[in-house]
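Everything below concerns the one structure shown next.
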Amino acid sequence: MDLKSMTLQELEECMKSLQEPKFRAKQLYEWMHKHLAFSWDEMKNIPKKLKEKISDAGYVMYGAEKEDCFVSELDGTRKYLFRLYDGNIIESVFMKYKHGNSVCISSQAGCRMGCRFCASTLGGLDRNLEPSEMLSQIYAIQKDIGERVSHVVMMGTGEPLDNDRNVLRFLELITSENGQNISQRNITISTCGIVPKIRELEKKHLQITLAISLHAPNDEKRRELMPIANKYSMEELFDACRFYFKETGRRMTFEYSLVAGVNDRPEDARELCQRLEGFSCHVNLIPVNPIKERNFSQSMPKSIMEFKKILEKNRVNVTIRREMGADINAACGQLRRTKLQSEK
Ligand code: SAH
């Protein structure tokens, strides 16, 4: 019954069931997804009577209300906290790049994947986000800054493939030509590696980029950092990745957060190269962002450079993630956690 999570076709069905003409569906759709209206008041050419009829029939429009915003003085990065209809809090990040404006969104309120270095998972999973709540993070930011958002990354709180049904619907809506019409190629989904879900995604033949959180060169180390590694081996994960590339032609990204003394030694880099041989991929090294609940610390700049050099020598495409908004920094999920704790 959430209007903003409906496709145009579903809205048409909805209007039909209310004995309203079909063109109203397109009007409503464009108000929500093109003109980014968050409330009935903004929808000027929709008769008041129809608005009441829709509300009386039990339909709602979920959004995301700006609760707080932290702006970096260094590079204009903005971190947002949004409040949802049920009081839950989520976080999103706006980043300005040469190639366009990018928004990093959350797919769940909380997370149940349990990665050891991540703040998003400390309080467990509260709930899945609705497609409209994923969209609203982008829409609200776009309205706030008055500029178009061209790129979306799902690297905020949550595991997208643990909420795949809503994420797929979100993708359909955000790429729709009657809405924001963002190109699939400008969308990245980051996953900790739920193998059967990657397999399902392959069959959809999307042109999105899949980023896999690897973080280790072998199963033993990966299990220390990520509980999901107990469920699926790296070999199973790599098989799924090879198949994803075969089916979609899209080069994979592997994310590798460097933790001092845990996965950042030269022999880790060499082992990683062996594992990635023949893979069409790109490795993104992320200096780990320490969280106070765990005693992981960031690798020394020297170790990071050494790690990168070894990968380059072995002809692995590699970049170090540029730190954005260093002055407003908070590791993945920390803003949300701090806010929720302060409200208890
Ligand atoms: N659930 C998805 C999205 C998570 S956030 C996934 O696992 O990919 C995006 C990336 O940030 C992931 O690679 C995640 O492992 C990484 N990450 C989380 N907390 C981090 C931290 N404190 N420091 C560095 N990287 C972190």
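The values are calculated or read from the model by the stated rules, or taken from the named source; none is laboratory data. Worth saying up front: this structure is predicted, and the values here are computed from it rather than measured. Ideal geometry is used to build each Cβ from the backbone, glycine not excepted, and the neighbour counts take in all protein chains shown. The area values use the complete protein model at the heavy-atom level, side chains included, leaving out ligands, DNA and RNA. Shrake-Rupley method; radii C 1.70, N 1.55, O 1.52, S 1.80 Å.
Considering every Cα-Cα pair within the range 254-341, what fraction, in whole percent, is farther apart than 18 Å?
So the portion of pairs separated by more than 18 Å is 47 percent.
Relative contact order, percent, of the range 60-135 when contacts are C-alpha pairs under 8 Å separated by at least 6 residues? Answer for the range 60-135 is 22 percent. For a straight C-alpha distance cut-off of 24 angstrom, the lysines reachable from LYS48 (same-chain residues fewer than eight places away being disregarded) are LYS4, LYS16, LYS22, LYS26, LYS34.
In the context of the full set of protein chains, the range 65-138 has a per residue accessible area of 38 Å² (1.4 Å probe).
Compared with the dominant Cα axis of the chain, that is its longest principal axis, helix 131-145 is turned about 90°.
In terms of packing, defined here as the mean over residues of other Cβ atoms within 10 angstrom, the peptides 34-46, 134-146 line up highest first as 134-146, 34-46.
At q = 0.11, 0.17 Å⁻¹ the log10 of I(q)/I(0) for the range 196-344 amounts to -0.48, -1.05, computed by Debye summation with a single uniform scatterer per C-alpha, solvent ignored. For the range 149-204, what % of the accessible area comes from carbon and sulfur atoms, probe 1.4 Å? Within the range 149-204, the accessible surface is 40 percent carbon and sulfur. For the range 26-124, carbon and sulfur atoms together expose 50% of the accessible surface, with a 1.4 angstrom probe and every protein chain in place.
Which angle from 0 to 90°, rounded to the nearest 10, does the C-alpha axis of helix 234-248 make with the longest principal axis of the chain? The two axes meet at around 50 degrees. In straight-distance terms, cross-link reach from LYS96 covers every one of the aspartates and glutamates whose alpha-carbon lies under 18 Å from its own, apart from those fewer than eight places away in the same chain; here that gives GLU73, ASP75, ASP144, GLU147, GLU323, ASP327.
Classify the range 139-234 from the C-alpha gyration tensor, please: rounded if a/c falls under 1.5, else prolate or oblate depending on whether a/b exceeds b/c. Since a/c reaches 1.5 and a/b is larger than b/c, the shape of the range 139-234 is classed as prolate. Rounded to whole numbers, the Karplus 3J(HN,Hα) couplings from phi for the range 93-109 are 10, 9, 10, 9, 10, 4, 7, x, 8, 10, 10, 9, 10, 8, 10, 9, 8 Hz, using 6.51 cos²θ - 1.76 cosθ + 1.60 with θ = phi - 60°, and x at Gly and Pro. The mean sequence distance of close C-alpha pairs (under 8 Å, at least 6 residues apart), as a share of the length of the chain, puts its relative contact order at 15 percent.
Solvent-accessible surface of the range 183-301, averaged per residue with a 1.4 angstrom probe and all protein chains in place: 44 square angstrom. For the range 227-344, carbon and sulfur atoms together expose 49% of the accessible surface, with a 1.4 angstrom probe and every protein chain in place. According to the square roots a ≥ b ≥ c of the eigenvalues of the Cα gyration tensor, what is the shape class of the range 49-173, taking rounded for a/c under 1.5, prolate for a/b larger than b/c otherwise, and oblate for the remainder? The shape class here is oblate.
With angles folded into 0 to 90 degrees, how steeply does helix 334-343 sit against the dominant principal axis of the chain? Use alpha carbons for both and round to 10. For 334-343 against the chain, the angle is about 60 degrees. With the convex hull constructed from alpha-carbon coordinates only, the chain shows a mean projected area of 17.8 nm² over all directions.
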